[in-house]
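Let me begin by presenting the structure, written as structure tokens, before commenting on it.
Every number here is computed from the coordinates shown, using simple stated rules; none is lab data. Please read all numbers here as calculations on a predicted model, not as lab measurements. Ideal geometry is used to build each Cβ from the backbone, glycine not excepted, and the neighbour counts take in all protein chains shown.
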Amino acid sequence: MGTITKPQFKGKRYRLDRPELLAPAGNLEKLKFAVHYGADAVYIGGQKYGLRSGADNFTFEEMREGVEFAKKYGAKVFVATNIYAHNEDIAGIEEYLRNLYEAGIAAIIVADPVIVDTALRLVPGLEVHLSTQQSTLNWQAVSYWKEEGLPRVVLGRETSLEEIAEIKQHVDIEIESFIHGAMCSSYSGRCVLSNHFTDRDSNRGGCCQSCRWKYDLFEDARPEGNWVSEEEQAEAPQALQPGITQLPLHQPEDNPFTMGSKDLCMLESIPDLIEAGIDSFKIEGRMKSIHYVATVVNAYRKAIDAYMADPEGYVLKPEWLEELQKAANRPLNTGFFYDTPDHEDHIYEPEEKAAPYDFAGLVLEYDAESGMALVQQRNNFKPGQEVEFFGPDDTFFKQTVGELWDEAGNPLDVARHPLQRVRMKVDQPVAYFDMMRKRK
């Protein structure tokens, strides 16, 4: 993997003392897991104006609870307010922004200039971060947004490390970049495939991920004089008409190309990200599982802390990468950071599947004298199964599940009920919020 020359910063160095690890939180429970597992900040969505309408999203009451929880751990909460607004979307924006500020939200992530302007004018105590949906790629554009009063820009995912270093040399501003997760096949958020295929607006939170669908390309080999009328096509749009064959546009040995890109992973490049001057390392995935959020945040937390503690002696540990593979849904690459992705960076059929583990249980209590743990069931497990325990304080071990009991002391043949509280003996000490997972 390539490296870049360490940038020489001139004048005031407007950056955080250490990189911020920014994690996704699709609901309140995910927020708590992200913070427990090491996130310095989390970004969430409200009930309006965000690009993930399929996530649970937060009420103002839940936001207040999330902010209160995050503050206990020194973490911040940001709200994605990053739609491209139509006329009917503007009504109510002022009240919404005031409610965010009163809930204690530290910053909003915004793409639409109208929402930017309204927030700066109405609630100056609420930071405005420019969304990646603006596709900001050069230092002149970054400088423009700084002059508008924004303290942070989330760069477009097409920006390279060399370009980021140049931006930091020219503009004293915080830079946030996505460093892990799914990559949009279009300019982020600006795709309209979903609009055409499902009448769901990608730019107002409705993306159905059309680029992840399976596509085949064919041409009709129609005998002369055997054209199919529009009426016939309407009656049987998916069926071949008699006497007509379809010829594939690719050969069996070819890769059947699709639009779905591999996922981004920059864990191996932590030193390069820091030396380029990136202030906030952003993980994608408000729709992802609790297991995914905790695993990914935990791995990046360990890598960042290890580098900051000893940059010269930093060594990437293989187990950090192994952990990510347990949560990955797709093959991984480095996106645009080093080179422009090509066909090798897309997923072909059949799609490779990873993530061989399920979140099986959450540790609620541990008794050191007896070695017994109280575990909340999140996926069924039973005696004889091999499981792994992991947590934010270097907890990691494998063991075979032994006897199980419910809270009344009755033996169990399987922990089968969702959120069931189960007692079991563990081979090593565990702590509250450690997780137990099992192979699928």
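A few remarks follow.
- The packing ranking, built from the mean of other Cβ atoms within 10 Å per residue, places the peptides 123-133, 422-432 in the order 123-133, 422-432, highest first.
- Across the range 59-117, the convex hull enclosing all Cα atoms gives 76 Å³ per residue.
- Put simply, the range 87-148 fits an ellipsoid with semi-axes of 21, 14, 10 Å; these come from the alpha carbon gyration tensor as the roots of five times its eigenvalues, largest first.
- Contour excess over end-to-end distance, with Cα ends at Lys71 and Asn138 and 0.36 nm allotted per residue: 20.7 nm
- Computed from the C-beta positions of Arg421 and Glu312 and an R0 of 60 Å, the FRET efficiency is 0.80 to the nearest 0.05.
- Among the listed pairs Lys146/Lys262; Lys282/Lys440; Lys146/Lys168; Lys32/Lys326, those whose Cα-Cα separation exceeds 24 Å are Lys146/Lys262; Lys282/Lys440.
- The simple Förster model, with R0 at 35 Å and r as the Cβ-Cβ distance, assigns Glu344 and Gln428 a FRET efficiency of 0.25.
- In Å, descending, principal axis extents of the Cα set of the range 48-154: 39, 34, 27
- Working from label points 7 Å from Cα in the Cα-to-Cβ sense, the Ser186 to Glu319 distance is 4.4 nm.
- Packing-based order for 177-184, 37-44, 59-66, using average beta carbon neighbours within 10 Å, highest first: 37-44, 177-184, 59-66
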